[in-house]
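The values are calculated or read from the model by the stated rules, or taken from the named source; none is laboratory data. Keep in mind that this is a model prediction, so the values were computed, not measured. Here the Cβ is made from the backbone with ideal geometry for all residues, glycine too, and neighbour counts use every protein chain on show. For accessibility, only protein heavy atoms count, side chains too; no ligands or nucleic acids. Shrake-Rupley method; radii C 1.70, N 1.55, O 1.52, S 1.80 Å.
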Amino acid sequence: MTHWLTIAVPTPAHSGLGKPLTYLSEAPLPPGCIVRVPLGTREVLGVVWDSAPEPPPDLSAQVRAVSSVFDGLAPLAAEWRQLLAFTARYYQRALGEVALAALPPQLRTLSDVQMARRLKRKPHQAGSAVEITPQNEALTPDQAAALARIEQAPGPFLLFGATGSGKTEVYMRAAARALTARPDAQVLVLVPEINLTPQLLARFAERFGAAAVVALHSGLTPAQRLAAWLAAHGGRARIVLGTRVAVLASLPGLALIVVDEEHDASYKQQEGARYSARDLAIYRGKLCGARVILGSATPSLESWHASEPAPQGPGRYLRLTMPHRVGVAPDADPLAGLPRVRRVDMARQPKGTLIAPPLLAAIGERVSRGEQALLLLNRRGWAPVLHCADCGWKSECPHCSAYRVFHKIDRSLRCHHCGFTQRVPRACPECGNLDIGTLGRGTEQLEERLAELLADVTRPDGTPARIARIDADSTRGKGQLEASLAQVHAGEVDVLVGTQMIAKGHDFRRVTLVAAINPDAALFSSDFRAPERLFALLMQAAGRAGRDTAQGAASEMWVQTHHPQHPLFNALKVHDYPGFAAQQLAERTQAGLPPFAHLALLRAEARSQEAAQAFLNALARLAQDALAAQPPLAEALSQLTWYPAVPLAVQRVANIERAQMLLESPSRAALQRVLAACQPLLHGLRAEHRAIVRWAVDVDPLAV
């Protein structure tokens, strides 16, 4: 007997084959079954989505048969398929593209025979037991109150806790309760970046046993990622800890989802299906009845507004507040134990000053007492630009509308967009001037200058101060990041220089001073989210200081700025996130920006900027003409504002010109209806605009 099936296969949205394709099978296959099927001249992985009606006779002869079936794998659950269908629909991507991207890459290369052998080596028993290590330490009143509410209410919860208030302990206690309540229960813990995973993984493994915990992120080898996914899919992994990709993992017993540092921009995928793992975590919790905890000391303004009770907000989330650091009395001032914020007016410092003398003296005092300092400069390399003062030449990238960064350590000019690298020229390429200089400063320069400025400073044992740098360049090799962090934790580093990599999530017990060297660039950015990101970064960086309660009262956060009285720094000085959020939300209300409006970007890439913009502007004209004739869509269209196509901030990357068009609406539903109706129009226009390389839709973009 022939069975007709719809199967999701990896076809990108811009291919025009966005829906599952029809195949035939001699045996009945349940939805969620993983198969291999022919697609063109290739054989690809697919997921059985549903049964299909028999095609008309003239088409049935063209339908191809399923090649093989992964019999040893349990079918993917209905809730997983619902999650992937929603993701594809909301973020305007092809279903198969999203579904197959959620599976481990190695699964796509294995045959059914190879998979059967792989499964024999590691049986798939479900619901492995966990051995939870008893905790003798008492909870703080803030922690106990938060856990009680999590136990009593369905959520979702926004856990707003000061840095050092013990949010991780709340996560682990909530996980323990979820795991003991059901023998097959699973917990998903999301972190924003891979470099935060090892530290948190060690804590969960110590509490619940290494066998019950797996990591799932793109930094794993293909074999490791497949093993982790199989453990999660089969129920052996009771706790899955990973980055944004883990939100789409198969977890049939999911009972609790934790999104740590929920404000972090890393939760938004920037390539392919541009989904938000934080938002999908909320949706997934509703699908499977799992509790969801979003945790942060500086929540995203969207989450903060969603947790505001009526009439100020919609009250969709339940806000749990933990204002005190661990070790601080519950009736104490919430600022007790938090670092003192000191602002340095750089306009009063000598011209060209890299580190203000008072800050330098404070760093020296900390080092001489055996404490650690952390300096944040969110720009890697030696200097952002190399230039010639005689003719004005600058180190522009020939392939991008950006400058190549000067890296002194290997004497190279490197583009951080396309990767193009060249040796530093001996003289100006334009005029031959031998005296070419630098503009701006990066972490390499800061590290070298600190070594000179602290040459006379010694540690308590009389040895020289030790300086280290952690950024994307210094930790490029395998294991380098872990080794560098281990040195910091062991006290082998006195002054740590780095980018935002060191500003969040790390528990540096000896750090008592944190300094932001040049944070002013974001104060006047055209990006409406820039102040929110800067405030979160500085608050998170400040939270690395004084985490040991014995040193908390003496810890400090220094900010070098030319605008010391800026409202953002005034709020930072008193650690007033609620005040900062209220001011930002008031501005966004007046401007009609998220969370009070909903945005989408249509992006196009072409060999010329004119072609990219022409494609987008043609879509706007066509959509407004075609959709206005359909009453349901006409109403949705009336609620949208279309802005003209413009170049991106970095408009050329790797010799490809990039343009974007912004769509704005007070109604999320109206925006979604119009975007869905635009899909066939985009496919039709691409046939006419052959200069277009690719196009994409970005729903709820982080930057516009």
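Note on Tyr643/His563: beta-carbon distance plugged into 1/(1 + (r/R0)^6) with R0 of 30 Å gives a FRET efficiency of 0.50. Each Lys or Arg adds one and each Asp or Glu takes one away; over the other residues whose Cβ falls under 15 Å from the Cβ of Pro252, this sums to +3. Each peptide among 63-69, 90-96 gets the average number of other Cβ atoms lying within 10 Å of its residues, and from highest to lowest they stand as 90-96, 63-69.
Write down the accessible area per residue of segment 227-343 in Å², having rolled a 1.4 Å probe over the full set of protein chains. All intermediate terms of the calculation are to be shown ahead of the outcome.
Working: 3680 Å² over 117 residues.
On a per-residue basis, segment 227-343 sits at 31 Å².
Among 135-146, 29-40, 233-244, what's the highest-first ranking by average C-beta atoms within 10 angstrom per residue? Mind showing how you got there, number by number?
Numbers: 135-146: 15.3, 29-40: 17.8, 233-244: 24.0.
By packing density, highest mean first, the sequence is 233-244, 29-40, 135-146.
Protection proxy ranking, highest mean first, for peptides 452-460, 319-327: 319-327, 452-460, where packing is the per-residue count of other beta-carbon atoms within 10 Å, averaged.
Using a 1.4 Å probe on the protein chains only, how many percent of the accessible area of segment 1-99 belongs to carbon and sulfur? Each step should come with its number before you reach the end.
Values: 2560 of 4510 Å².
That share works out to 57 percent.
Rounded to the nearest angstrom and listed largest first, the equivalent-ellipsoid semi-axes of segment 48-151 from its Cα gyration tensor are 42, 23, 12. Partnerless cysteines in the chain, where a partner means another cysteine C-beta under 4.7 angstrom, comprise Cys33, Cys288, Cys418, Cys678. How far is the Cα center of segment 385-440 from the Cα center of segment 156-198, in Å? What the calculation gives is 46 Å, centre to centre. Note that segment 140-187 presents 35 Å² accessible area per residue, ligands and nucleic acids not counted, probe 1.4 Å.
Which value at 222 nm does the chain reach when only helices count, each DSSP H run of 4 or more adding -39,500 (n - 2.57), with the total divided by all residues and rounded to the nearest 500 deg cm²/dmol?
Details: 20 runs with 225 residues, N = 704.
The per-residue figure over the chain is -9500 deg cm²/dmol.
Which stretch or stretches of segment 261-296 have amide N atoms under 20 Å from the point lying 7 Å from Ile194's Cα along the Cα→Cβ direction? Of the residues in segment 261-296, 261, 264-278 have backbone N under 20 Å from the label point off Ile194.
Judged by the gyration tensor of its Cα atoms, with axes a ≥ b ≥ c, segment 474-523 is oblate; a/c meets the 1.5 cut and b/c is at least as large as a/b. Annotation for Glu137 and Ala85: the two label points, set 7 Å from Cα along the Cα-Cβ direction, are 4.5 nm apart. Spacing of the modelled spin labels on Gln624 and Glu587, each 7 Å from Cα toward Cβ, amounts to 3.0 nm.
Here the gap between Ser218 and Ala634, fully extended at 0.36 nm per residue and compared with their Cα-Cα distance, gives a gain of 145.5 nm.
In this calculation the C-beta distance from Gln270 to Asp507 is compared with R0 = 35 Å, giving a FRET efficiency of 0.80.
Model label sites at Leu681 and Arg64, defined 7 Å from Cα along the beta-carbon direction, differ in position by 3.4 nm.
By the rule of a C-alpha distance below 21 Å, with chain neighbours fewer than 8 residues away ignored, no lysines are paired with Lys351. Counting only aspartates and glutamates at least 8 places from Lys478 when in the same chain, those with an alpha carbon closer than 18 Å to its own are Glu193. Give me the percent of the accessible area of segment 302-443 that comes from carbon and sulfur atoms, probe 1.4 Å, all protein chains in place. Percent of accessible area from carbon and sulfur atoms in segment 302-443: 49.
Residues of segment 457-480 with an amide N closer than 12 Å to a point placed 7 Å from the Cα of Gln487 along the Cα-to-Cβ direction: 466-471, 474-475, 480.
Taking K and R as +1 and D and E as -1, what net charge do the other residues with C-beta under 15 Å from the C-beta of Pro429 add up to?
0
Here segment 617-688 and segment 361-377 have alpha carbon centers that stand 52 Å from each other. Given their separation in residues at 0.36 nm each and the Cα-Cα distance between them, Phe596 and Val574 gain 5.2 nm when the chain is fully extended.
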